[in-house]
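Here's the structure we're looking at; comments come further down.
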Amino acid sequence: LQDGTAVPGELLPPPTPAASIPEAALPPAWDGASRINILFFGLDYRDWEANQGPPRSDTMIVFTIDPVAKTVGMLSIPRDMWVNIPGFGYSRINTAYSSGEGNKLPGGGPELARKTVEQFLGVPIQYYAQIDFYTFVEFIDLIGGIEVENNEELRLDPVGGGKDKIRITCCGLRWMDGERALAYARFRKDKEGDIARAERQQKVIIAIRN
């Protein structure tokens, strides 16, 4: 080429191929009728931002969808559940994500967490979805907030320093913006710990659906 003009007899370079996702990295095609299970992660990226390494999965919920019966179920997995993480031995289940990311395994944290949950529950996990704190707040605000059926008197710690506690009164429907919903979904400082927190998170999911 001379100034962008082809010289007679000179071979032109092949065109640059368009970027595409390798087929092997795509999930299997869904037939539209089989039950599918989706592993949902809630991540706290503040660890990574503070140079403390890959985040652990703060929340893990398995959604199961039956398109024929048109039903959906969800199962919350306590983050301190002691399980066998493939290739790493026994540890808390919330470390699977950070181990996969930190060791740069194929598929990273999501794939190792998916395999761990699949092995632990004995059911196939076909897909995963992940969300971090900031995206969660933005999403709740984007849909105009949610109304949660609350039956507790709560004082919650919002994410970020120097913020006043958030008070949620009992009892009935309580409107929450993104920041309040995140504080509500993360709270586990009562005597029931992860069990009560899982119930709150499921209430938030139902409120989002509504």
Give me the orientation-averaged projected area of the Cα convex hull of the stretch 42-163, in nm², one decimal.
10.4
For every other residue with a beta carbon closer than 9 angstrom to the beta carbon of Val137, add +1 if it is Lys or Arg and -1 if Asp or Glu, then tell me the sum.
-4
Extending each Cα 7 Å along its Cβ direction at Leu105 and Thr169, get the distance between those two points in nm, one decimal.
4.9
Å² per residue, accessible surface of the stretch 101-210 at 1.4 Å
57
For Lys115, list the aspartates and glutamates whose Cα falls under 15 Å from its own Cα; do not include residues on the same chain fewer than 8 positions away.
Glu101
Using DSSP to call loops (not H, G, I, E or B), can you name the GluC sites (Glu not before Pro) in the stretch 88-166 whose Cβ has at most 11 other Cβ atoms within 10 angstrom?
Glu153
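The values are calculated or read from the model by the stated rules, or taken from the named source; none is laboratory data. Computed from a prediction, not measured in an experiment: that's the story for all the values here. Positions of Cβ are generated from backbone atoms using ideal geometry, with glycine treated the same way; all protein chains shown enter the neighbour counts. These area figures cover heavy atoms from the full protein model, side chains too; ligands, DNA and RNA do not enter into them. Shrake-Rupley method; radii C 1.70, N 1.55, O 1.52, S 1.80 Å.
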